[in-house]
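Please treat every number below as a calculation from the coordinates, not as lab data. Since we're looking at a predicted model, the values are computed, not measured. Positions of Cβ are generated from backbone atoms using ideal geometry, with glycine treated the same way; all protein chains shown enter the neighbour counts.
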Amino acid sequence: MPIRVGSVGDLSKSARRCRDLGHAWDWTGDFEIVRRGAQIIEASRVATCDRCQTERVQVLELPSMRVKARRYEYPDNYLGVKGAHLDAATIRHYEVERFLATPAGKRTQKLRSVGT
Ligand SMILES: [Zn+2]
């Protein structure tokens with residue numbers, strides 16, 4: 001069981017990025033084939049997120065190639081404990097607050113003021 005976090009600040013940086021932007025998937029495993037007699041009835045393969053290392057197993061039903069099931073295996077510090085607020089809007093709020101708390105000389109972006 002992966003270690004779970006209680007707040008946005010406890011998430012890993014990669015977990016915050018993936019929860020905001022979505023995972024950066026790539027296939028990392030070859031097909032695993034299931035046969036019944038001579039007939040192939042199922043094929044599955046693994047994709048891994050290049051950023052946070054979450055793994056997604058996709059199970060295909062043959063011959064339709066319909067996705068029959070998906071399973072995810074998350075790294076430590078990606079999932080939250082029950083009641084933790086880790087939705088994308090909460091993470092974006094956290095990132096803006098971090099930016100505002102960074103001394104002006106260390107920011108890579110500047111604040112822009114509009115109006116009076
Ligand atoms: Zn990811």
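Could you point to the residue in 6, 60, 27 farthest towards the positive end of the stretch 1-60's charge dipole, with +1 and -1 charges on the Cβ of Lys/Arg and Asp/Glu respectively?
The one lying farthest along the dipole's positive direction is 6.
Once you have the Cα-Cα distance between residue 26 and residue 62, take 0.36 nm times their residue separation minus that, and quote the gain in nm to one decimal.
My answer for the length gained is 10.8 nm.
Taking other Cβ within 10 Å of each residue's Cβ, how do 60, 111, 11, 21 sort, fewest first?
Fewest-to-most Cβ neighbours within 10 Å comes out as 111, 21, 60, 11.
For the chain, what does -39500 (n - 2.57) per DSSP helix run (n ≥ 4), summed and divided by total residues, give at 222 nm, in deg cm²/dmol to the nearest 500?
-6000 deg cm²/dmol, from helical runs alone.
Could you run the Karplus curve 6.51 cos²θ - 1.76 cosθ + 1.60 with θ = phi - 60° over the stretch 44-55 and give me ³J(HN,Hα) per residue in whole Hz, x for Gly and Pro?
Karplus values, whole Hz, x for Gly and Pro: 9, 8, 10, 10, 10, 6, 5, 8, 10, 6, 4, 10.
Which far-off residues, 5 or more places away or on another chain, put their amide H under 5 Å from the one on residue 54, with H placed in the peptide plane?
Those lying under 5 Å, H to H, from residue 54 are 49.
For the chain, calculate the relative contact order in percent as a whole number, restricting contacts to Cα pairs under 8 Å that are 6 or more residues apart.
Taking the mean separation of contacting Cα pairs over the length of the chain, I get 29 percent.
Please report the net charge: other residues with Cβ closer than 13 Å to the Cβ of residue 53, K and R +1, D and E -1.
Details: positive: 13, 17, 51, 56; negative: 26, 50, 55, 73, 76.
So the surrounding residues net to -1.
Quick one: check the C-alpha center-to-center distance for the stretch 62-101 versus the stretch 14-40, whole angstrom.
Here the two parts' Cα centres lie 16 Å apart.
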